[in-house]
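**Q** Take a look at this one; I'll ask things after.
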Amino acid sequence: MSEAVSRVAHHFDDAAQQKDAATLGMWVFLVTEILFFGGLFLAYVVYRTSFPEAWVEASHELDVTLGGINTAVLILSSLTMALAVQAAQLGRRKGLIVFLALTILLGGTFLGIKAVEYHHKVVEHHVPGASFQFHGANARAVQIFFSIYFAMTGMHALHMVIGVGLLLNLMRQGLAGRFTPAWYTPVEMVGLYWHFVDIVWIFLFPLLYLVGRHG
Amino acid sequence: MSEHVVPRRVYYAIFSTLIVLTGVTVAVSFVDLGPLNTLVAMTIACVKATFVVLYFMHARYGSRLIWVMLGAGVLWLVILIALTMGDYASRGW
């Protein structure tokens, strides 16, 4: 019996059925994630329509260059993740390890840049709470923007940290030679998760950084 | 059924498209289009997300069941936002 066959759990007919079940389960999880982030997006829409001017003012306080670079970094990491899955499909063990390592590196870069941005916000007293300072008539609504900014980007960053942890685990298993073209399901599932987190950022970037930039 | 191996050039093409669209969304945000700015930004984001889902996430090669799941997720997100905002918009306060 080959290794691949031995990995089919007893309640599945064959490896293909087992993989379909795993893929479906992952998509169901991602649907719950869409709705989880959906609540945050809803809060954003409610408050943005209530305080449109404050949203423009607050958005101007964010750094478009850093946000744009981070968007590119994350898209690049999605490419390296897709290439890691492809390497696993084709049984290229070295390619798998290299692309996983690159994805981890890019994920770390994103989090590093995010940390620099958070630091700026702390220094500028833009973190909601007792030390919050903002001059102008819309200060209160601007504080609401930053509450939503930190909730959304913070929740996104938490997903990134979990993603990096999952990737490190994949790398450990990959180095141990656990994945074959017949069985690489974990690589593909983590890939789906990673791309989902990328999509969340694709929406966060214009919604937070690019409001009323022409003003 | 996702045993389909996508050629590398497809991944590179999707990556380039996503980067170009990111540049476009930044550039357009600096042009005053009035309320259309948000619409354009969200349209570009939806196009980018669609590319990621179809190619990076292999949904294009996935089963019908995956499509139903994804459709259900998007549908309920739309219900969540549309019904709530409908309520906010139709109240006298």
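**Q** Report the percentage of all Cα-Cα pairs in chain A whose separation exceeds 23 Å, rounded to a whole percent.
**A** In whole percent, the share of Cα-Cα pairs in chain A beyond 23 Å is 54.
**Q** Using a 10 Å cut-off around each Cβ, can you sort B:12, A:184 from fewest to most neighbouring Cβ atoms?
**A** Starting with the residue having the fewest Cβ neighbours, the order is B:12, A:184.
**Q** Share of Cα-Cα pairs in segment A:1-72 beyond 15 Å, in percent?
**A** Tail fraction, whole percent: 74.
**Q** Could you calculate the FRET efficiency of residue A:60 with residue B:79 from 1/(1 + (r/R0)^6), where r is the beta carbon distance between them and R0 is 41 Å, rounded to 0.05?
**A** 0.80
**Q** Quick one: give the max-minus-min coordinate of the C-alpha atoms of segment A:1-126 along each principal axis, largest first, in Å.
**A** 66, 33, 19
**Q** Using the Karplus curve 6.51 cos²θ - 1.76 cosθ + 1.60 with θ = phi - 60°, what ³J(HN,Hα) values do you get for each residue of segment A:98-107, in whole Hz, with x for Gly and Pro?
**A** 4, 5, 5, 4, 4, 5, 4, 4, 5, x
**Q** Among A:89, B:65, A:72, which residue has its Cα positioned farthest towards the positive end of the charge dipole of the protein assembly as shown, with +1 placed on the Cβ of Lys and Arg, -1 on the Cβ of Asp and Glu, and the dipole taken about the Cα centre?
**A** A:89
**Q** To continue, here is another question. Dipole size in debye (nearest 20) for segment A:16-141 around its Cα centre, Lys and Arg Cβ +1, Asp and Glu Cβ -1?
**A** Computed about the Cα centre, the dipole is about 600 debye.
**Q** Rounding to the nearest 20 debye, state how big the charge dipole of chain B is about its Cα centre with +1 on each Lys and Arg Cβ and -1 on each Asp and Glu Cβ.
**A** 280 debye
**Q** Given the alpha-carbon gyration tensor of segment B:1-62, what are the semi-axes of its equivalent ellipsoid in whole angstrom, ordered largest first, with each equal to the square root of 5 times an eigenvalue?
**A** Taking √(5λ) for each eigenvalue gives 29, 13, 4 Å, largest first.
**Q** Specify whether the C-alpha gyration tensor of segment A:121-166 places it in the rounded, prolate or oblate class, a ≥ b ≥ c being the square roots of the eigenvalues: rounded for a/c under 1.5, otherwise prolate if a/b is larger than b/c and oblate if not.
**A** Prolate, since a/c reaches 1.5 and a/b exceeds b/c.
**Q** Treating only the Cβ atoms of Lys and Arg (+1) and Asp and Glu (-1) as charged, compute the dipole magnitude of chain A about its Cα centre; round to the nearest 20 debye.
**A** My answer is approximately 440 debye.
**Q** What is the angle, in °, between the Cα long axis of helix A:64-89 and the longest principal axis of the Cα atoms in chain A? Nearest 10 is fine, range 0 to 90.
**A** 10 degrees
**Q** Which trypsin sites (Lys or Arg not before Pro) in segment A:91-178 sit in a loop by DSSP (not H, G, I, E or B) and have at most 14 other Cβ atoms within 10 Å of their own Cβ?
**A** Sparse-neighbourhood loop trypsin sites (Lys or Arg not before Pro): none present.
Values in this text are rule-based calculations from the coordinates and carry no lab data. Computed from a predicted structure; not experimentally measured. Ideal geometry is used to build each Cβ from the backbone, glycine not excepted, and the neighbour counts take in all protein chains shown.
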